[in-house]
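Peer 1: Could you have a look at this structure, given as structure tokens, before my questions?
The values are calculated or read from the model by the stated rules, or taken from the named source; none is laboratory data. All of these numbers come straight from a predicted model, not from anything done at the bench. Counting neighbours? That spans all protein chains shown, and the Cβs are built from the backbone with ideal geometry, glycine included.
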Amino acid sequence: MINQSNYVIGVDYGSDSVRSVIVDAANGKELATSVFYYPRWQQQLYCDAAENQFRQHPLDYLEGLEATVKACLAKAGPEVAAQIRGLSVDTTGSTPAAVNQAGIPLALLPEFAENPNAMFVLWKDHTSVTEAAQINAHAEKFDTNYLQYVGGIYSSEWFWAKLLHILRVDDAVRAATYSWVEHCDWLPFVLTGGTDALAIKRSRCAAGHKALWAEDFGGLPPNAFFSSLDPLLDGYTDRLFKDTYTSDVAAGNLSAEWAARLGLSTDVVVGVGAFDAHMGAVGGQIEPYHLSKVMGTSTCDILVAPNRDMEGKLVKGICGQVDGSVIPGMAGLEAGQSAFGDTYAWFKNLIAWPIEKLLNNSTIVDAQTAAALKEEMIGKIIPELSNAAQALPLEEDAELAVDWFNGRRTPDANQLLTGAITGLSLGSDAPRVFRALAEATCFGARSIVERFRSEQVLVEGLIGIGGVAKKSPYIMQMMADVLQMPIRIHPFEHTCALGAAMFAATVAGVYEKVEDAMTAMGGEFDKIYTPNEANAQFYNKRYQRYNDLGGFVAWQTAGLAGGW
């Protein structure tokens, strides 16, 4: 008799790559994993960092999906492939794209294949700051506060601002656009063989946190809200959605085409998608009032609370509170920092400039040796900086920074804000500046916690997820000290993909609800950072100085925007 097992696939789309995992639904054991780096994105095609334009081609997504799933199946073997029950996907967000009536992103059509405006607009694309500001001003004209469930401030990182910007700047794309679709909603639609944009099952997660969907509104704000903002938006609500779905709901079964492409059965159930941090929180075994902090290029901070506890509470300045966006039946609250790992990457790239530019022209070593040296040296920069910074004494008058290098997401979104470093002197070396940047990211994390608490929402501890959480003890210990809270680190390397796998097990019927999947498939935390109480007073003073410096930057930015 053949022993029948239940295996599931979780697919996690990050900013730079996609990773897939095959997991045993009985215990969460990883059988295989594969990572695919987007080739067009690696070349920074269709991007212009100086203009805050970051676009991704849908072919990067499709090629990555096929490559990683097939690689995982090859590692796991044919017996496992025959027993895959479900597949679920998470993505970054808000990362939407224009599609035609068949739900095909315009960049997949020959006439738009090289047009950035026809591609997915990555979450960190800030080309729509003007549109976001106009949405915020426009919302004040209405008796109903349509921004109440997204913290009262609409961001340029989100759905409607990006749509309006694309419609304004590209006549050809505007003429061809039928609807506007989040990455996390499009992929399940593709995998299930969808051919009608109106039939896309839209995720509660994306719709509630980024697109202004709310049960209290009966769906999206009315067409009049958008058409009076700009006639270009007239009619879009009719071509979008009214209903939304939590991620424990099936989007459908794997289509014959994709079953053949991946080497799977059409019996595989595909779940409704969600954003990476929300599924990552599930993979990281989130519990009420513990902030799940997914730490990568940016951070996405997720907190869940019983719905009864949130009655009458609307937290200002966060990225939304939505019933069922993380765990069905509970309120999901989202916050985050627009630059976290990106801050360290920026500094690494800054000081690595001579290595990048000059080693290739060396007259002392050959090209092969130069390339090997460059790879080795750049790979060691952050670990060496961390070691040197950790050895420095605590100094109240040390260099100080604010972490808004990609604007501020939370609290109170403002993508016009910029990073800053002050207190520099001739004694300021690379480890000291790196320490200031590390402190700034930790202070940014504290400002999020302080906002929740000021709005009477408890935060009892942190769960650290992602690359920075696992690879940087220096920053994690500093964060524990700054927040004066313990931080538990989840052991699974691809926690967001694990969360997707937990939802896949749920939609496939292995578990009745995702909480059961979390219990069965979760593991023990592999490390806990405990705060050093002796450092509390020091970081309290430094945090106040961080707030003062941030206030100056915000004041200066407002003044420049006002024309002086």
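Peer 1: Between a first residue in the range 302-315 that is of a type in the set (A, V, I, L, M) and a second residue that is part of a helix (DSSP H, G or I), which pairs have beta carbons less than 7 Å apart while being 6 or more apart in sequence or on different chains?
Peer 2: Partner pairs satisfying both residue conditions: ILE302/ALA277; ILE302/HIS278; ILE302/ALA281; LEU303/PHE452; LEU314/GLN148; VAL315/PHE452.
Peer 1: Kindly indicate the residue of the range 237-252 that is out of contact with any Leu (no Cβ under 9 Å at 6 or more places or on another chain) and surrounded by 18 or more Cβ atoms within 10 Å (Cβ to Cβ) and also nearest to ALA207 (Cα to Cα) among those meeting that condition.
Peer 2: Out of the qualifying residues, it is THR244.
Peer 1: Being within 22 Å of ALA517 (Cα to Cα), out of contact with any Ser or Thr (no Cβ under 9 Å at 6 or more places or on another chain) and crowded, with 17+ Cβ neighbours inside 10 Å narrows it down to one of VAL268, VAL294, VAL282, so name that one.
Peer 2: VAL268
Peer 1: Given (1) in contact with a Cys (Cβ under 9 Å, 6 or more places away or on another chain); (2) closer than 21 Å to MET279 by Cβ; (3) not polar (S, T, N, Q), identify the lone condition not met by LEU65.
Peer 2: Condition not satisfied by LEU65: (1).
Peer 1: Report, ordered by the first and then the second residue, all pairs with beta carbons closer than 9 Å, sequence separation of six or more or different chains, a first member in the range 528-545 that is without any contact (Cβ under 8 Å) to a residue 24 or more places away in the chain, and a second member that is surrounded by 13 or more Cβ atoms within 10 Å (Cβ to Cβ) and not in a helix (DSSP H, G or I).
Peer 2: ASN540/GLN484
Peer 1: Let me ask you something else. Being surrounded by 24 or more Cβ atoms within 10 Å (Cβ to Cβ) and either farther than 12 Å from LEU232 by Cα or not assigned by TED's automatic domain parsing to the domain that holds ASP238 (or both) is the filter here; which residues of the range 162-186 pass it?
Peer 2: Correct list: LYS162, VAL181, GLU182, HIS183, CYS184, ASP185, TRP186.
Peer 1: Something else now. Out of all the residues in the range 411-425, is one or more over 21 Å from ASN547 (Cβ atoms) and of a type outside the set (A, V, I, L, M)?
Peer 2: Taking every residue of the range 411-425 in turn, at least one turns out to be over 21 Å from ASN547 (Cβ atoms) and of a type outside the set (A, V, I, L, M).
Peer 1: Hey, another quick one. PHE142 versus (1) modelled with pLDDT of 95 or more; (2) within 30 Å of THR343 (Cβ to Cβ): which is the lone unmet condition?
Peer 2: (2) is the only condition that PHE142 fails.
Peer 1: Next up: Looking at the structure I just gave you, is TYR37 aromatic (Phe, Trp, Tyr) and under 17 Å from ARG261 (Cα atoms)?
Peer 2: So TYR37 does not fit the description; no.
Peer 1: If the requirement is being among the hydrophobic types (A, V, I, L, M, F, W, C) and either without any contact (Cβ under 8 Å) to a residue 24 or more places away in the chain or under 15 Å from TYR539 (Cα atoms) (or both), which of these qualifies: VAL468, VAL433, VAL457, VAL402?
Peer 2: The match here is VAL402.
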